[in-house]
């Protein structure tokens, strides 16, 4: 999702930074795909793939990849503080959960959603992805945080864009 927005909605993303959070093994694989895919590298040409990553696996001005279990809130907060200052009044956030909280138990999902309102208050959007019946298998972003959105009109635009699923053939 971040790469689609960065490639197709450049004006909309001028002040946005996408922070992608996923389990460590999945994030390492995802970053390997980004590093080895020219079209994705072109979207974030300043990317730095860290050699011995702890939480921050990949950094660029527009995209950051964090390896973290969303159920471990203290680890998540520590990782997030490495890339965003929760005291910065100019930061606004749209938290998007793609499938991630669907598979959490209810208490863990509630804790995560509650944490988002205390870390940097923003809007929370829960998206579940319908996997098409054909062989196309999307790379799912499990917990993407968008920072730097200006104004509430962006929320409507994002909700419309996020709801446009690829048509199955």
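Bear in mind that the values in this text are calculations on the coordinates, not laboratory data. Because the structure is predicted, anything quoted here is derived from the model rather than measured. Ideal geometry is used to build each Cβ from the backbone, glycine not excepted, and the neighbour counts take in all protein chains shown.
Counting residues in the stretch 33-47 that are surrounded by 13 or more Cβ atoms within 10 Å (Cβ to Cβ) and either under 13 Å from the mean Cα position of the chain (by Cα) or assigned to a strand (DSSP E or B) (or both) gives zero. All of (1) touching a residue at least 60 places away in the same chain (Cβ under 8 Å); (2) farther than 25 Å from residue 110 by Cα; (3) in a strand (DSSP E or B) hold for residue 57 with one exception: (1). Among the residues making up the stretch 14-32, those that are touching a residue at least 40 places away in the same chain (Cβ under 8 Å) and in a loop (DSSP other than H, G, I, E, B) are 15, 16, 23.
Inspection of the stretch 73-93 identifies at least one residue that is without any contact (Cβ under 8 Å) to a residue 60 or more places away in the chain, closer than 21 Å to residue 123 by Cβ, touching a strand residue (DSSP E or B) at 6+ places or on another chain (Cβ under 7 Å) and surrounded by fewer than 19 Cβ atoms within 10 Å (Cβ to Cβ).
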